[in-house]
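Read the structure below first, then the notes.
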Amino acid sequence: MDLHNPKSGVCLPISDLPRVVVIGAGFGGINFIKKIRNKPVQIILIDKNNFHQFQPLLYQVAIAGLEPDSIVTPIRKLFHGYNNFNFRMAEVIEIDHSNNKVITNIGWVQYDYLVIATGSVSNYYGLDNIEHSSVGLKDIRDSLDIRSWVLQNLEKAVITCDDIEKDALTNFVIVGGGPAGVELAGALAEFKKYLLHKDYPELAKDWMRIYLIEAADRLLNVMSPKSSNHALKVLQKLDVTILLNTAVKDYDGHTVLLADSETLKARSLIWTAGVKGYFPKGIPDNIVVRGSRLKVDEYNKVQGLDNVYAIGDVAAQVSEDLPRGHPLLAPVAIQQGDQLGENIMSLIKDGKYKKPFIYKDKGSMATIGKNSAVVEVGKKQLSGWLAWVMWSTVHLFSITGFKNRLIVGVNWMIRYINYEKANRLIIRPFEPDENVLEKQDNLKRKAMDNSALVAKSC
Ligand SMILES: Cc1cc2nc3c(=O)[nH]c(=O)nc-3n(C[C@H](O)[C@H](O)[C@H](O)COP(=O)(O)OP(=O)(O)OC[C@H]3O[C@@H](n4cnc5c(N)ncnc54)[C@H](O)[C@@H]3O)c2cc1C
C-alpha cells in the first residue's frame, strides 16, 4: 500500500478517490460512515478516543450498574473489512478551511469533504470554580470518576469520627434536573435504598443524602408537566431531596453556594446542568450560534464554508419553526448522519444533493429508577412500569454490538431480580485535587488559545 506522509502530514494511503474526512466517532459520525463505507470514496475518521460510546447509559456505569466495556465499542471493530476506511486516533486542534486541511496533534490531513461531528461538552456557564471542583457526565471517563468518587467518599465517611465531615462526605449533590440528572439521581437513590446498609453497615441510612438541584420550576422541563410531576414523585419516594427554582452559584469542593446565599456542605458535586456544542479552532465567529453550535443549512452544510458539513450536537439547523435548532439527541445525530451520507454521495455522483434533512421525532424518554420511566411520543404520554419496559427495550436495542447488548441485558435481568450492582469497584481512584490541577491547566491553555486568537485577529 502506498502511503503519503510529506513531512508533517498524517501517514495515509494514497488514493484517487475523493477523500471524506470525518471528525468524531459519535452517533452522527458513525452513522454517516455506515452510509458511505462501501462507496467509491476514501474515508478518514479521526477521533481522540479509539472507541464509540453509548452516552445514554453512562449514568449506569457511574453508579456501578454496568462495566464500562459494555457501553463502548472499539471504532476499528465497527468497520472491519472496508478497505476504503481509515481510522487515526488523534485530536483535531484546528480546521484550516481555506486550505482544506485539518490540523491534529499528529499532523495535518487534507480533505475534499469535511464532516464535523464533534458533539458537545458540559456547559458550566462561566462558573470556573464549579468546573474545577465537580465532575460532569459526558463520557466514559466521567462515569468512572463518579463511580470512584462516590465509593471513595463512602469509604472515607466510614473512617472519620468527625460528624460534620461524615455528613459532607455522604451528601451527594447533582446539579441539573434534565434526563441525565434525573436518571443519575434515581440510580444513586436505589443504591442507597438497597445496598448502603449491606455494604456500609457502619453508616446509618440517614447519612447518605442525595440532592437534585434544578434552576427551573420543574424537573425534565423538555417534557410535559405530567412527566415532570411523575419524575418528582418517584424521586421523592426514593428519598431524593429536590430543590427547584434553585441555581447553584459556586462550589469549592466543600461548600455548595446557592443563589439565595444558602449553603450546603458536600464533598462531591456532579454537574449535568447543560451542554454546549464543541468544535476545533478555525471556524469563523459568525457561523457560531447560541449554544456554541455551527449554523448549517438544510443539507447540513456549514454556512459560508465550502465542502464543510456539521451533524449532531455541534450542528444547528436554525429555521423559523426551530429558532434554536434540533434538540441535542442521539436520533437527530443518527438521522443527520444517514441523510448526509446519501447527500454527499449524490453530490459526488450527480453534482446535486438528494434531499434536505427532515427530522423524524421518535419522542423522548427518561427512566427514574427500576420500574419507572416517562415516555412521550407525539401527544401520547406514558409513565410507570410499561414506560420503563419501553425505555429498557429501546435502549437495549440501540446499544452498538450484539455482545454488548447481551451483557447489558443479562446485567439488567440479574439486577431486576436482586438489585445487585456487581461493579462497586474503585479500580482507578479519583483524586479530585489532581482533577482540579488538570482542569486548571486546561483552563489556562484555553485562555492562552483565546488570547492567541485575539492577537491573531488584531
Ligand atoms: C449522560 C447523557 C445521557 C444522554 N441520554 C440520551 C438519551 O437517553 N437519548 C438521546 O437521544 N440522547 C441522549 N443523550 C444525547 C446524545 O448522547 C447526543 O445527542 C449524541 O451523542 C450526539 O451525537 P454526536 O455524534 O453529535 O456527538 P457524540 O456522540 O458526543 O460524539 C462526538 C465524538 O467526537 C469526538 N471528538 C470531539 N472533539 C474531537 C476532536 N477535537 N478531535 C477528535 N475527536 C473529537 C469525541 O471523542 C466523540 O467520539 C445523552 C447524552 C449524555 C451526555
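The values are calculated or read from the model by the stated rules, or taken from the named source; none is laboratory data. For clarity, every value in this text was computed on a predicted model and none was experimentally measured. Methodologically, a virtual Cβ is constructed for each residue, glycine included, from the backbone with ideal geometry; neighbour enumeration extends over all protein chains shown. These area figures cover heavy atoms from the full protein model, side chains too; ligands, DNA and RNA do not enter into them. Shrake-Rupley method; radii C 1.70, N 1.55, O 1.52, S 1.80 Å.
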task: Please go through region 67-88 and pick out each residue that is within 11 Å of the ligand (Cβ to nearest atom) and of a type in the set (Lys, Arg).
output: Arg88
- prompt: Restricted to region 274-290, and to residues that are assigned to a loop (DSSP other than H, G, I, E, B) and modelled with pLDDT of 95 or more, which residue is farthest from the ligand (Cβ to nearest atom)?
  reply: Pro284
- request: Look through region 4-20, keep the residues that are in a strand (DSSP E or B) and closer than 16 Å to Val102 by Cα, and return whichever of them is modelled with the lowest pLDDT.
  value: His4
message: Considering only residues that are open to solvent by less than 50 Å² (accessible area, probe 1.4 Å) and aromatic (Phe, Trp, Tyr), which ones fall in region 264-308?
response: Trp271, Phe279
- request: State whether the residues of region 210-222 include one that is in a helix (DSSP H, G or I), away from the ligand (no atom under 16 Å from the Cβ) and either more than 27 Å from Gly291 (Cα to Cα) or not hydroxyl-bearing (Ser, Thr, Tyr) (or both).
  value: no
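Before we move on, is Ala204 at negative phi and in contact with a helix residue (DSSP H, G or I) (Cβ under 6 Å, 6 or more places away or on another chain)? Steps first, please.
On the way: at negative phi: yes; in contact with a helix residue (DSSP H, G or I) (Cβ under 6 Å, 6 or more places away or on another chain): no.
No: the conditions fail for Ala204.
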query: Out of all the residues in region 322-336, which are of a type outside the set (Lys, Arg) and more than 7 Å from the ligand (Cβ to nearest atom)?
result: Leu322, Pro323, Gly325, His326, Pro327, Ile334, Gln335, Gln336
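So if I check each of Ala25, Ala64, which one is part of a loop (DSSP other than H, G, I, E, B), among the small types (Gly, Ala, Ser) and more than 11 Å from the ligand (Cβ to nearest atom)?
Values: Ala25 fails: more than 11 Å from the ligand (Cβ to nearest atom).
Testing whether each residue is part of a loop (DSSP other than H, G, I, E, B), among the small types (Gly, Ala, Ser) and more than 11 Å from the ligand (Cβ to nearest atom) leaves just Ala64.
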message: Let me confirm something: among Lys7, Lys35, which residue is surrounded by 17 or more Cβ atoms within 10 Å (Cβ to Cβ), among the charged types (D, E, K, R) and either more than 10 Å from the ligand (Cβ to nearest atom) or under 16 Å from Gly312 (Cβ atoms) (or both)?
response: Lys35
field: Residue ID - nearest to Leu45 (Cα to Cα), chosen from residues in region 85-105 that are touching a residue at least 24 places away in the same chain (Cβ under 8 Å) and surrounded by fewer than 16 Cβ atoms within 10 Å (Cβ to Cβ)
entry: Glu91
- line: Of the residues in region 388-400, those that are of a type outside the set (Ser, Thr, Tyr) and touching a helix residue (DSSP H, G or I) at 6+ places or on another chain (Cβ under 8 Å) come to His395, Leu396, Phe397, Ile399
- prompt: Among the residues of region 43-61, how many are assigned to a helix (DSSP H, G or I) and either surrounded by fewer than 21 Cβ atoms within 10 Å (Cβ to Cβ) or near the ligand (Cβ under 9 Å from one of its atoms) (or both)?
  reply: 5
message: Need pairs with beta-carbon distance below 7 Å; first residue outside the structural domain of Leu244 (by TED's automatic domain parsing) and within region 205-228, second surrounded by 16 or more Cβ atoms within 10 Å (Cβ to Cβ); sequence gap 6+ or separate chains.
response: none
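Yes/no per residue for (1) more than 19 Å from the chain's Cα centre (by Cα); (2) more than 19 Å from Ile407 (Cα to Cα); (3) not assigned by TED's automatic domain parsing to the domain that holds Val248:
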site: Asn31; (1), (2), (3): no, yes, yes
site: Lys35; (1), (2), (3): yes, yes, yes
site: Val41; (1), (2), (3): yes, yes, yes
site: Leu57; (1), (2), (3): no, no, yes
site: Ala62; (1), (2), (3): no, no, yes
site: Arg76; (1), (2), (3): yes, yes, yes
site: Asn83; (1), (2), (3): yes, yes, yes
site: Val102; (1), (2), (3): yes, yes, yes
site: Thr118; (1), (2), (3): no, yes, yes
query: Tell me, which strands (runs of 3 or more DSSP E) lie completely within region 309-424 with 1 or more residues that are of a type in the set (Lys, Arg) and open to solvent by 30 Å² or more (accessible area, probe 1.4 Å)?
result: 380-384
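On the given criteria, is Asn123 under 30 Å from Gly363 (Cα atoms) and either in contact (Cβ under 8 Å) with a residue 24 or more places away in the chain or open to solvent by 40 Å² or more (accessible area, probe 1.4 Å) (or both)? Spell out how you get there, then give the answer.
Values: under 30 Å from Gly363 (Cα atoms): yes; either in contact (Cβ under 8 Å) with a residue 24 or more places away in the chain or open to solvent by 40 Å² or more (accessible area, probe 1.4 Å) (or both): yes.
Answer is yes for this residue.
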message: For the structure I just gave you, tell me whether Leu154 is open to solvent by less than 30 Å² (accessible area, probe 1.4 Å) and part of a strand (DSSP E or B).
response: no
field: Contacts under 8 angstrom Cβ, first residue in region 299-322 being at positive phi and in contact (Cβ under 8 Å) with a residue 24 or more places away in the chain, partner outside any loop (DSSP other than H, G, I, E, B) and hydrophobic (A, V, I, L, M, F, W, C), 6 or more apart
entry: Asn300/Ala310; Asn300/Ala315; Asn300/Leu340; Asn307/Leu114; Gly312/Phe27; Gly312/Val332; Gly312/Ala333
